[in-house]
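Remarks on the structure that follows.
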Amino acid sequence: MGFMSALLGRRGIMACTWAVESVVINHLKEQLIYLGNANDQEALATVQAIMDDEVNHRDEGLAQGGANSIWYQPLRWSISVFTESVIRFGMR
Ligand SMILES: [Fe+2]
């Protein structure tokens, strides 16, 4: 995914970054809810720190134009679906 995005240049890389991180952040939000309900403070703090990093990456992708070009919408959509699939497959 990264290689294919890189072929499209800097905005392609940023579109890939934004798409991956957006999906990952949604997944981490689910994990935070689960860990909060399980009252696992150590795991909660670890996942929260990871999420803070991913939010920064997503926001950088946004700031660098990764989410605002309609030409990259199919790329963002495909990367989002692929990332979601990998996460769901990994959770099985
Ligand atoms: Fe990241």
Problem - Number of the condition not met by C16 [criteria: (1) of a type outside the set (S, T, N, Q); (2) surrounded by fewer than 20 Cβ atoms within 10 Å (Cβ to Cβ); (3) closer than 22 Å to I70 by Cα] - result: (2)
Fill in the blank from the handout: Per the list (1) on the phi < 0 side of the Ramachandran plot; (2) open to solvent by 90 Å² or more (accessible area, probe 1.4 Å); (3) out of contact with any Ser or Thr (no Cβ under 7 Å at 6 or more places or on another chain), residue check on R11 breaks on (3)
Completion exercise
Within region 47-92, residues being assigned to a helix (DSSP H, G or I) and either touching a strand residue (DSSP E or B) at 6+ places or on another chain (Cβ under 7 Å) or away from the ligand (no atom under 15 Å from the Cβ) (or both) number 16
Exercise for the section: Determine, yes or no, whether G36 is touching a residue at least 40 places away in the same chain (Cβ under 8 Å) and more than 15 Å from the ligand (Cβ to nearest atom). Expected result: no
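The values are calculated or read from the model by the stated rules, or taken from the named source; none is laboratory data. Keep in mind that what you see is a predicted model, and the values were worked out from it rather than measured. Here Cβ is always computed from backbone atoms with ideal geometry, including for glycine, and neighbour counts include all displayed protein chains. Side chains are part of the model used for accessible areas, which takes the heavy atoms of the whole protein and leaves out ligands, DNA and RNA. Shrake-Rupley method; radii C 1.70, N 1.55, O 1.52, S 1.80 Å.
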